[in-house]
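Below is one structure; the comments refer to it alone.
Read-outs throughout are calculated quantities, based only on the coordinates presented, and are distinct from any laboratory measurement. Worth saying up front: this structure is predicted, and the values here are computed from it rather than measured. Because the Cβ atoms are built from the backbone with ideal geometry, glycine has one as well, and the counts that use them run over all protein chains shown.
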Amino acid sequence: MRERAVTVSVISVVLALVLAGMGWGEPLQKKSLSLEDARKAAAAAAAEAKKNKWTMAIAVVDDGGHLIYFERIDETQIGSIDIAIGKARTAASFKRPTKALEDAINGGQYAVLTFPNSLPREGGLPIFVDGKVVGAIGASGGKSSEDAQVAKAGVDALK
């Protein structure tokens with residue numbers, strides 16, 4: 001009888017450990033990028049572009065790469081719209097500046113070109129809160145270094 005009680009106790013402990021490891025309990029708390037934050041980042045990015053007389057498309061996405069806010073300065077080429085969004089999505093998806101992927105390609109790591117839904121060109125930056133990616137910003141319309149400068153102004157506005 002005692003063996004059965006020990007067996008039941010062991011099974012109960014194992015079951016409790018398994019259930020605890022399944023993530024049951026408190027829901028995760030997740031930071032997110034608000035529409036107000038996205039507008040603030042885009043406004044700062046647009047101000048940087050206008051200060052330098054650059055015509056730019058600016059996109060801000062959430063951590064899943066979904067568009068939150070978009071702005072296109074007058075006279076910006078139409079092709080920059082999808083590029084800005086693509087840079088922002090890439091930065092959010094890979095949790096790094098898009099320049100890192102561009103540098104990898106330039107370094108001979110051509111497999112980066114096979115990454116789905118990515119735009120490995122400088123000008124996309126992730127937005128971090130407490131070490132977690134909450135979104136990203138992408139800019140397009142100028143040289144890649146100018147795009148990156150504009151995106152950085154957007155990220156810096158949220159610090």
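Here are the numbers:
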| item | result |
| --- | --- |
| In order through the range 27-36: 3J(HN,Hα) via Karplus (6.51 cos²θ - 1.76 cosθ + 1.60), integer Hz, x for Gly, Pro | x, 5, 9, 10, 6, 9, 9, 7, 4, 4 |
| Residue-by-residue Karplus 3J(HN,Hα) for the range 109-121, coefficients 6.51, -1.76, 1.60, Hz, glycine and proline x | 8, 5, 4, 4, 5, 8, 5, x, 6, 10, 10, x, 9 |
| For the range 150-155, Karplus couplings with θ = phi - 60° (6.51, -1.76, 1.60), whole Hz, Gly/Pro x | 5, 4, 4, 4, x, 5 |
| Convex hull of Cα atoms in the range 35-156, direction-averaged projection (nm²) | 6.9 |
| Those lysines that a straight Cα-Cα span of less than 28 Å connects to residue 30, excepting residues fewer than 8 apart in one chain | 40, 87, 95, 99, 132, 152, 159 |
| Packing-based ranking, highest mean first, of 118-129, 46-57 given that Cβ atoms within 10 Å are counted | 118-129, 46-57 |
| Sequence-distant residues sharing a close amide H with residue 142 (under 5 Å, placed H) | 147 |
| Hull volume in cubic angstrom per residue (convex hull over the Cα atoms of the range 21-104) | 119 |
| Amide H partners (placed H, <5 Å) of residue 119, local residues excluded | 90 |
| Packing rank of 63-69, 88-94, where each peptide gets the mean count of other beta carbons within 10 Å, highest leading | 88-94, 63-69 |
| For peptides 35-42, 73-80, sequence by mean Cβ density within 10 Å, most packed first | 35-42, 73-80 |
